[in-house]
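Colleague: Starting off with a structure, shown below.
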Amino acid sequence: MSGSADSRRPASSDVRPSGGRKSRRSFLRTVLLGGGVVLAALSGFLPVKYAMARRLRPPGALDEADFLSSCIKCGQCLQVCPVSAIRLGDLVDGYGVGVPYIDSREQACDFSCDAAQCILACPTGALTYEKPASLPVRVGAGLSRKPILKAKERDAENTLNFRERMGVARLARPESCLATKGEGFTGIARGADFSGRLRYVSVDRWKPVPVREHPYAATPCDLCITSCPIVGAISFEKFLDASGALRERPAVHEACVGCGVCEMICPVEPGCIEIDAREVWKA
Amino acid sequence: MSRSRLDPIRVMLGAEPSKTLPVSEAAQGIHVLKRQSTKQLSAQREALHSGFRNSHKWRNRRWAVLLAVNLLFVLSFRLDIQILEGSLTASRFLGFHLADLNSALQVMLAHKHIIVNLVIGTVTVFMLWLVLGGRTFCSWVCPYHLLSELAEIVHLALASRKLVSDQTFHRGLRTVCWVVFAVLAIVTGYTVFESISPTGILSRALIYGPGLALLWVLGLLLFEVVVSRRAWCRYVCPIGVTYGVAGILSPVSVVYRLENCFHEGDCKKVCLVPHALAMVVKGRATEATMAVGPDCTRCGMCVDVCPSGALSFGVKGLHRLL
């Protein structure tokens, strides 16, 4: 490139670059712009690759890679959620921009819609009751039976119609769990400032109410177990603590769908029980 | 298809308008007449100009529609009036599925599995813009278009004070971007373009609240103010190509009447896609009446600015229906 030194010089009005040089410069500029845009778009791969945020997806979500590719980022799932559990990913999510996720400690999916309305709302099948045959189900992701909803346990059709779990609950901090210590809990579960809502069938079968308006009194603390919307997902198990005393602690079972209500309601800070997002059941 | 019909499509994809297309006898006649009567014409032109004020009629109507559509999305969610649920990438209008053509394409290419609802939404939207004129979406609906127009006003104000200058790029880049993002969707299995699409980002920000992704949109606008006029829409956005293709056979277009034209070029100065108005250059029109090609966004700026009524909106076949 013999003219490269010249081409860096700014063109003044009386010294116009020759036609060939001008078009070469225009070509280079175009390549730079195109390359810049494509690079910016490709940078969205980094947060995905390094799993900077392992998001909990709404119920019925396809496996993560398929979910990101099939989601059209419209937010219709968010619009139908009665407890506003669904949020949309931002710039830091890379290709997950506009893709729905749930922050279950802040607001869990409690199935107060009774039927996973978000799945019904999804226009692309990114959220689906049943996967197409071409997409395999990961071992342990599939539920052994459709989840039975406590709120409609006595109805003729009492299940949530999806087949795979969102994740699995795990007692992450057993040492601070009130039940494990043999303690009870009385008061407002997450403090007076907490904005999360839950449906309490005993209060209102159809309408979720703020958790802060629903004080508890439980000995030992069993909030995670009584709040769980799914039949047979979590219960107390007896164990002998270090001092040899017989105690009870929450044990998660195969029926757990990973909705995160237990994580949301746990009154200890930080919460003792957490959802491992997109985790499979390991016997 | 004949060369004359193919040329506007080539131009949309990035080629320069051909100067060697066959000129109809009617057009030739008018060209000759105009060469012979330059004095009368300039007198007429002066008369027209003295009485002309740009009312921005179509721009105002368009902005009103653009704001109304986007507001309908916002209110459907915020006030739960449920008329137009979702965002610009996909939605339901009174329950009927709608899917943005480019977003749907990205999803189909990336996911490689297409469900019925997505097909219904995509076909519906395709038919809609086939009728209304493909890129009509860009100027009458896309929220980025409006911001970009405002950025353009700032850019032109700065340029007139010689503070910035418009760096141009090759328009073929937009077609290249369309192909690259289609290939990236197929190969990576991610809807790569969606992560940077200002249309999707803005639509979601309006409906669901702002996020960091708006910084990207802000960066684009800044680039358009300082470096290159309307750069995103002109040189990059693959959505424009997708809707442009959808509108190739559309009956709705801006129609050019050679007889009324004084070849002053005000229309090209305000146009987002001046190459689509190549026929307004003296001696270039191949027909006495021609529709502006598929790259035209039907924004109506040229219609507003033309003092002699050479440009107007037209619907092919409508006079036969009426």
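Colleague: Listing A:Tyr101, A:Tyr216 from the residue with the fewest other Cβ atoms within 10 Å to the one with the most, what is the order?
Modeller: Listed from fewest to most nearby Cβ atoms, that is A:Tyr216, A:Tyr101.
Colleague: With an 8 Å Cα cut-off and a minimum separation of 6 or more residues, compute the relative contact order for segment A:157-271 in percent.
Modeller: Details: 180 pairs, mean separation 36.8, N = 115.
Across segment A:157-271, relative contact order equals 32 percent.
Colleague: Between B:Asn117 and A:Val203, what's the calculated FRET efficiency when r is the beta-carbon distance and R0 is 35 Å? Round to 0.05.
Modeller: For R0 = 35 Å, the calculated efficiency reads 0.45.
Colleague: Sum up the charges of everything whose Cβ sits under 13 Å from the Cβ of B:Val217, counting Lys and Arg as +1 and Asp and Glu as -1, but leave B:Val217 out.
Modeller: -1
Colleague: Residue farthest toward the positive end of the dipole of segment B:58-245, with Cβ of Lys/Arg at +1 and Asp/Glu at -1: which of B:Trp58, B:Leu222, B:Gly211?
Modeller: B:Trp58
Colleague: For chain A, with equal point scatterers placed on the C-alpha atoms only and solvent neglected, what are the log10 I(q)/I(0) values from the Debye formula at q = 0.07, 0.08, 0.10, 0.13 1/Å, to two decimals?
Modeller: -0.36, -0.44, -0.59, -0.89
Colleague: Where nothing but the Cβ of Lys and Arg (+1) and of Asp and Glu (-1) is charged, how large is the charge dipole of segment B:236-322 around its Cα centre, in debye to the nearest 20?
Modeller: For segment B:236-322, the charge dipole is close to 120 debye.
Colleague: When Lys and Arg each count +1 and Asp and Glu each count -1, what net charge do the other residues less than 9 Å away from A:Gly182, Cβ to Cβ, add up to?
Modeller: Neighbour charge sum, excluding A:Gly182 itself: -1.
Colleague: Okay, moving on. Report the charge-dipole magnitude of segment B:109-236 in Debye, nearest 20, computed about the Cα centre from +1 at each Lys and Arg Cβ and -1 at each Asp and Glu Cβ. Don't skip to the answer; put the middle values down first.
Modeller: Working: 10 positive and 5 negative charges, 46 e Å.
Dipole of segment B:109-236, to the nearest 20 debye: 220 debye.
Colleague: What net charge do the residues around B:Gly189 carry, taking every other residue with its C-beta under 12 Å from that of B:Gly189, with Lys and Arg at +1 and Asp and Glu at -1? Write out the running numbers ahead of the final one.
Modeller: Values: positive: B:Lys112; negative: A:Asp63, A:Glu64, A:Asp66.
Combined, the nearby Lys, Arg, Asp and Glu give -2.
Colleague: Just to be sure I understand the model, the point goes 7 Å from the Cα along the line to the Cβ. What's the resulting B:Arg5 to A:Leu46 distance in nm?
Modeller: Here the answer is 5.0 nm between the modelled labels.
Colleague: Shape verdict for the protein assembly as shown, please, from the Cα gyration tensor: rounded (a/c under 1.5), prolate (a/b greater than b/c) or oblate.
Modeller: Verdict is prolate for the protein assembly as shown.
Colleague: For a quick check: with amide H placed at 1.01 Å from N, whose amide H comes under 5 Å from B:Phe313's, ignoring anything fewer than 5 positions away on the same chain?
Modeller: Residues meeting the amide H criterion: B:Val255.
Colleague: Taking segment A:22-74, which chymotrypsin sites (Phe, Trp or Tyr not before Pro) meet the DSSP loop condition and have no more than 10 other C-beta atoms within 10 Å?
Modeller: Loop-located and lightly packed - A:Tyr50.
Colleague: Let me ask something additional. Considering every residue in B:114-123, what mean count of other chain Cβ atoms within 10 Å of its Cβ is obtained? Kindly include the intermediate steps, with their values, before the conclusion.
Modeller: Details: counts 3, 8, 1, 4, 7, 0, 1, 4, 1, 0.
Mean partner-chain Cβ count within 10 Å for B:114-123: 3.
Colleague: What are the trypsin sites (Lys or Arg not before Pro) within segment B:9-103 that DSSP puts in a loop, where the Cβ has at most 14 other Cβ atoms within 10 Å?
Modeller: B:Lys19, B:Arg53
Colleague: Let me ask something else about it. Can you give the convex hull volume per residue for the Cα atoms of segment B:58-245, as a whole number of Å³? Walk me through the numbers before you get to the answer.
Modeller: Details: hull volume 22.9 nm³, N = 188.
Residue-normalised Cα hull volume stands at 122 Å³.
Colleague: Separation between the A:His214 and B:Lys57 pseudo-spin-labels, each 7 Å from Cα along Cα→Cβ, expressed in nm?
Modeller: About 6.0 nm separates the two model spin labels.
Colleague: Let me ask something else. Would you list, by chain and number, the lysines whose Cα falls below 17 Å from the Cα of A:Lys181, excluding same-chain residues fewer than 8 positions away?
Modeller: Within reach: A:Lys238.
Colleague: Let me ask you something else. For segment B:58-245, what relative contact order do you get, as a whole percent, if you take Cα pairs closer than 8 Å and at least 6 residues apart?
Modeller: Answer for segment B:58-245 is 28 percent.
Colleague: Counting alpha carbon pairs within less than 8 Å and at least 6 residues apart, what relative contact order, in whole percent, applies to chain B? Please report the intermediate quantities before stating the final value.
Modeller: On the way: 500 pairs, mean separation 86.7, N = 322.
This gives 27 percent for chain B.
Colleague: May I ask you to list the trypsin sites (Lys or Arg not before Pro) in segment B:108-177 that are in a DSSP loop and have at most 11 other Cβ atoms within 10 Å of their Cβ? Write out the running numbers ahead of the final one.
Modeller: Numbers: sites: B:Lys112, B:Arg135, B:Arg161, B:Lys162, B:Arg171, B:Arg174; in loops: B:Lys112, B:Arg135, B:Arg161, B:Lys162, B:Arg171.
Passing sites in segment B:108-177 are B:Arg161, B:Lys162.
Colleague: Run the lone-cysteine check on chain B: no other Cys C-beta under 4.7 Å from the residue's C-beta.
Modeller: B:Cys138, B:Cys142, B:Cys177, B:Cys233, B:Cys237, B:Cys261, B:Cys271, B:Cys296, B:Cys299, B:Cys306
Colleague: While we're on this one: Assuming R0 = 30 Å, what is the FRET efficiency of A:Glu269 and A:Arg154, from their Cβ-Cβ distance, to the nearest 0.05? It would help to have the intermediate numbers written out before the result.
Modeller: Details: r = 36 Å, r/R0 = 1.20.
In this case the efficiency is close to 0.25.
Colleague: First measure r as the distance between the Cβ atoms of B:Val154 and B:Leu67, then evaluate 1/(1 + (r/R0)^6) with R0 = 25 Å and state the FRET efficiency to the nearest 0.05.
Modeller: 0.80
Colleague: Specify which residue in the list B:Leu249, B:Leu21, B:Thr38 is farthest towards the positive end of the charge dipole of chain B, using unit charges on the beta carbon of Lys, Arg (+1) and Asp, Glu (-1), about the Cα centre.
Modeller: Comparing the listed Cα positions along the dipole, B:Thr38 ranks first.
Colleague: Along the charge dipole of the protein assembly as shown, pointing to its positive end and built from +1/-1 on Cβ of Lys, Arg, Asp and Glu, which listed residue (B:Cys142, A:Cys74, B:Asn260) has its Cα farthest out?
Modeller: Most positive-ward Cα: B:Asn260.
Colleague: Listed highest first by mean packing, meaning other Cβ atoms within 10 Å per residue, what order do B:104-110, A:160-166 come in?
Modeller: Peptide ranking by packing, descending: B:104-110, A:160-166.
Colleague: Show me, for segment B:297-309, the HN-Hα J-couplings you get by feeding each phi into the Karplus relation (A = 6.51, B = -1.76, C = 1.60, θ = phi - 60°), rounded to Hz, glycine and proline as x.
Modeller: Calculated HN-Hα couplings, in order: 8, 6, 7, x, 4, 5, 4, 5, 8, 6, x, 10, x Hz.
Colleague: Then there is this: Take B:Phe93 and B:Leu79, extend 7 Å from each Cα along the Cα→Cβ direction, and tell me the distance between the two endpoints in nm.
Modeller: The answer from the label model is 1.9 nm.
Colleague: Here's another thing I want to ask about it. Using Cβ contacts closer than 10 Å as the measure, can you line up A:Lys282, A:Lys146 from fewest to most?
Modeller: If I rank by nearby Cβ atoms, fewest first, I get A:Lys282, A:Lys146.
Colleague: What do you get for Rg/Rh over segment B:17-57 if you use C-alpha atoms and the Kirkwood form of Rh?
Modeller: Rg/Rh: 1.16.
Colleague: Can I ask one more? What's the magnitude of the charge dipole for the protein assembly as shown around its Cα centre, counting Lys and Arg as +1 and Asp and Glu as -1 at the beta-carbon? Answer in Debye, nearest 20.
Modeller: Values: 71 positive and 49 negative charges, 556 e Å.
Here the protein assembly as shown has a charge dipole of around 2680 debye.
Colleague: In whole angstrom, how far apart do the alpha carbon centroids of segment A:203-240 and segment B:138-203 sit?
Modeller: 51
No lab work stands behind these numbers, since they all come straight from the coordinates. Predicted, not measured: the structure shown is a model, and the values here were computed from it. Every residue, glycine as well, gets a Cβ built from its backbone with ideal geometry; the counts of neighbours run over all protein chains shown.
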